[in-house]
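The values are calculated or read from the model by the stated rules, or taken from the named source; none is laboratory data. On a predicted model such as this, the values are computed, not experimentally measured, just so you know. Because the Cβ atoms are built from the backbone with ideal geometry, glycine has one as well, and the counts that use them run over all protein chains shown. We work out accessible area using only protein heavy atoms, side chains counted, and drop any ligands, DNA or RNA first. Shrake-Rupley method; radii C 1.70, N 1.55, O 1.52, S 1.80 Å.
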Amino acid sequence: MILRYNLFTIMWAAVILLTTLLPSSSLPSAFTAWDLLSFDSFAHAFMFCVLCFLMIVGMSKQFTYPKLHRYAVRTSLLISTLFGISIELLQHLFINGRQGDIIDVLANTIGCLLGIVLFKLIYVW
């Protein structure tokens, strides 16, 4: 059953959704003026690194859907990246005091790629 192996992925995605859709007044401010090197960007990259890593592990362990097992890395990258883009669009369109940011999308995507590297370091190499 695929849900059994992806329970931590779903819980982590819920944490990401909750923290990224909070009003901006309840979030800490960034520590530096450089957008891509800010605390916010590192937080986005870390959160999506963990998300993509957990998703790859979950899809690799399940055998109910052989194609998901075989293409776990590609599928996880696609889903995680689209999840990050969707969150930024939700922030831009529906959350007062928050705005979607291309830098956050880039940080999310970098985090997803780092999650793949982490998976390969732990499980493949």
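Table for the structure above
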read-out	value
Residue tally, condition surrounded by fewer than 16 Cβ atoms within 10 Å (Cβ to Cβ) and either within 18 Å of Thr19 (Cβ to Cβ) or touching a residue at least 40 places away in the same chain (Cβ under 8 Å) (or both), over the range 106-117	0
Subset of the range 1-46 (residues that are among the aromatic types (Phe, Trp, Tyr), at pLDDT below 85 and surrounded by 13 or more Cβ atoms within 10 Å (Cβ to Cβ))	none
Test: residue in the range 55-75 that is surrounded by fewer than 16 Cβ atoms within 10 Å (Cβ to Cβ), within 23 Å of Leu18 (Cα to Cα) and not basic (Lys, Arg)	no
Flag if Arg74 is among the basic types (Lys, Arg) and part of a helix (DSSP H, G or I)	yes
Filtered residues of the range 85-125 (kept if over 13 Å from Ile56 (Cα atoms) and among the aromatic types (Phe, Trp, Tyr))	Phe94, Trp125
Among residues of the range 83-105, those that are in a helix (DSSP H, G or I) and either open to solvent by 80 Å² or more (accessible area, probe 1.4 Å) or not aliphatic (A, V, I, L, M) (or both), counted	11
Condition met for Val57 (of a type in the set (Val, Ile, Thr), in contact (Cβ under 8 Å) with a residue 12 or more places away in the chain and closer than 14 Å to Ile2 by Cα)	yes
